[in-house]
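Below is one structure; the comments refer to it alone.
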Amino acid sequence: MARIIGGLTTSHVPSIGKAIALKQQQDPYWKPFFDAFHPVHDWLAREKPDVAVVIYNDHGLNNFLDKMPTFAVGAAHEYHNADEGWGIPVLKPFRGNTKLSWHIIEQLVENEFDITMCQEVAVDHAFTLPMALMYPGGIDWPVATVPVMINSVQHPLPTARRCYKLGQAIGKAIESFPEDLKVVLLGTGGLSHQLDGTRAGFINKPFDLWCMDKMLNDPEALARLTNHEIIEKAGSQGVELMTWIAMRGAMQGQVSQLSATYHVPISNTGGAVMLLENNSVPRAIAAE
Amino acid sequence: MGFGAPIPGTPVFTGDAAARGYALNKMCFSFNSKENRDAFLADEDAYCAKYGLSAEHREAIKSRNVLQLIAAGGNVYYLAKFAGIFGLSVQDIGAQQTGMSLDAFKAHLAAQGA
């Protein structure tokens, strides 16, 4: 059976792509953020996951307002990055796993999550940059991928509770997949930031640190947040927290924190990285 | 249609904004493609006409003013692609919206990490 071995949450600001292209990882501005990935690299080298299920929000590369899915799951053989209009390098295509994608889709719909199913997804920086942070140096991606998109553009957005439950359903779906696969989950976005309005540039370190604590110890507290509270406390784009909440839902049981870093600012954002390992091992047996 | 109590200085992209800004956002969405960015730069009036921008949209695009673009129904994710045409980052547009110099805006960001 497939097994969720752990989960990574990380900020995904586009300027990370520029910093990688310009080899600025050791510049004082970027070093604290890039260094956060050293323990992630060690863990990936040890655990060697087969698949990454990437929960993220599209920023207007794949989805437009003509048809805006609240939740969407990719089921393609391959996913391509593309020009987003601001000059960050386009990364190599990502391999899909269509059997796992369709299994997740079938299980989600069976569990009353009426998601949009996609055989073509242009994956934007929120998908590609976390992958490049996990697997640096332009190597061939060693994992297959399943993209899961959550609408963070057009209100009404799904509630934190709904995203948490989506994550729980994704977690159960992965665990019931009959192939012996090691799966790593990603939740990409946040933490606090606001790009628009006269409050642009708002960052809330105490709230971000509170979220990171709750990610580990009390995800229910995150699921109880309203979107109004999240925007007030984390800024209008701080709603990307929903990708973290969904990822945490998919981890379900007890988790342990292998590493956590918080650094302000990266671009306009509270930069945060957490690596959580799944404690309920082996989970397929624990579920019997 | 609404979102609850307004949060000062914080636009929320509701259905109302989306309805008002549709043509403007659709044009900005097109700027994912270099060919379209070049076409805009080559003939701004013709490009805006092709997307059916309202007079308010057109004025906002002419102004290059982000708050005015948001007031016209623009969404910041699509507007960022418009800003990209001029090589402007989210820090540049943050400085513009808050009336700060770029250096002051960067210092404001850094100060919140203390």
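Based on the Kirkwood approach, the hydrodynamic radius assigned to the range B:15-114 is 14.1 Å, with every pair of different Cα atoms included.
Note on A:Gln26 and B:Lys50: their simple-model spin labels are 4.6 nm apart, each label 7 Å out from Cα toward Cβ.
Between B:Asp38 and B:Asp16, the FRET efficiency from the beta-carbon distance, with R0 = 45 Å, is close to 0.85.
Using just its DSSP H runs of length 4 or more, each adding -39500 (n - 2.57), chain B gives a mean residue ellipticity at 222 nm of -18000 deg cm²/dmol after division by all residues. The B-A contact accounts for roughly 3400 square angstrom of buried accessible surface, both chains included, probe 1.4 angstrom. Taking every protein chain into account, the accessible area of chain B amounts to 46 square angstrom per residue (probe 1.4 Å). Could you tell me which trypsin sites (Lys or Arg not before Pro) in the range A:205-280 are loop residues by DSSP with no more than 16 other beta carbons within 10 angstrom of their beta carbon? Those satisfying the criteria are A:Arg224. Whole-percent P(r), the range A:58-145, all Cα pairs, 10 Å bins from 0: 16, 44, 32, 7, 0. Remark: the A:Asp35-A:Glu112 segment gains 23.7 nm on full extension, using 0.36 nm per residue and subtracting the alpha carbon distance. Normalised by 2.2 N^0.38 Å, with N the number of residues, the alpha-carbon radius of gyration of the range A:1-88 equals 1.33. Taking a Cβ cut-off of under 13 Å around A:Pro156, the surrounding Lys, Arg, Asp and Glu residues balance to a net charge of 0, with basic ones at +1 and acidic ones at -1.
Taking 1.306 mPa s as the viscosity and 10 °C as the temperature, the Stokes-Einstein diffusion coefficient of chain A based on its alpha-carbon Kirkwood radius rounds to 85 µm²/s. In chain A, helical runs assigned H by DSSP with n ≥ 4 each contribute -39500 (n - 2.57); averaged across all residues and rounded to the nearest 500, the mean residue ellipticity at 222 nm is -10000 deg cm²/dmol. Computed with a 1.4 Å probe over protein heavy atoms only, the accessible surface of chain A comes to 36 Å² per residue.
The portion of the accessible surface of the range A:3-286 made up by carbon and sulfur, rounded to a whole percent, is 53 (1.4 Å probe; DNA, RNA and ligands excluded).
The phi torsions of the range A:161-166, fed into the Karplus equation with coefficients 6.51, -1.76 and 1.60 and a -60° offset, translate into couplings of 4, 5, 5, 4, 5, 4 Hz, rounded to whole numbers, with Gly and Pro shown as x. Sequentially through the range A:73-81, phi angles give Karplus couplings (6.51, -1.76, 1.60; θ = phi - 60°) of 10, x, 9, 9, 6, 8, 10, 10, 7 Hz, Gly and Pro residues having no value and appearing as x.
Count Lys and Arg as plus one, Asp and Glu as minus one, and take only other residues whose Cβ is under 15 Å from that of A:Trp210; the net charge is then -1. Would you be so kind as to identify which of B:Ala19, B:Gly99, B:Ile85 lies farthest towards the positive end of the dipole of the range B:15-111, taking Lys and Arg as +1 and Asp and Glu as -1 on Cβ and the Cα centre as origin? Of the options given, the answer is B:Ala19. Rounded to the nearest 0.05, what FRET efficiency is calculated for A:Ser256 and A:Thr198 with R0 set to 41 Å and r the Cβ-Cβ distance? Working from the Cβ atoms, E equals 0.50. What the Cβ-Cβ distance of A:Asp140 and A:Ala45 gives, at R0 = 22 Å and to the nearest 0.05, is a FRET efficiency of 0.90. Evaluated at q = 0.09, 0.13, 0.20 Å⁻¹, a Debye calculation over the C-alpha positions of the range A:168-288 (equal weights, vacuum) places log10 I(q)/I(0) at -0.28, -0.54, -1.06. One compactness figure for the range A:128-206 is 1.43, namely its Cα radius of gyration divided by 2.2 N^0.38 Å.
For the range B:1-42, a reduction of at least 30 Å² in accessible area between the chain on its own and the assembled protein chains (probe 1.4 Å) is found at B:Phe3, B:Ile7, B:Gly9, B:Thr10, B:Pro11, B:Phe13, B:Tyr22, B:Phe29, B:Asn32, B:Arg37.
For the range A:70-90 versus the range B:1-24, the inter-centroid distance based on Cα atoms is 26 Å.
The values are calculated or read from the model by the stated rules, or taken from the named source; none is laboratory data. As the structure is a prediction and not an experimental result, all values here were calculated from the model. Don't worry about glycine lacking a Cβ; one is built from the backbone with ideal geometry, like all the others, and counts go over all protein chains shown. Side chains included, ligands, DNA and RNA excluded: accessible areas come from the protein's heavy atoms. Shrake-Rupley method; radii C 1.70, N 1.55, O 1.52, S 1.80 Å.
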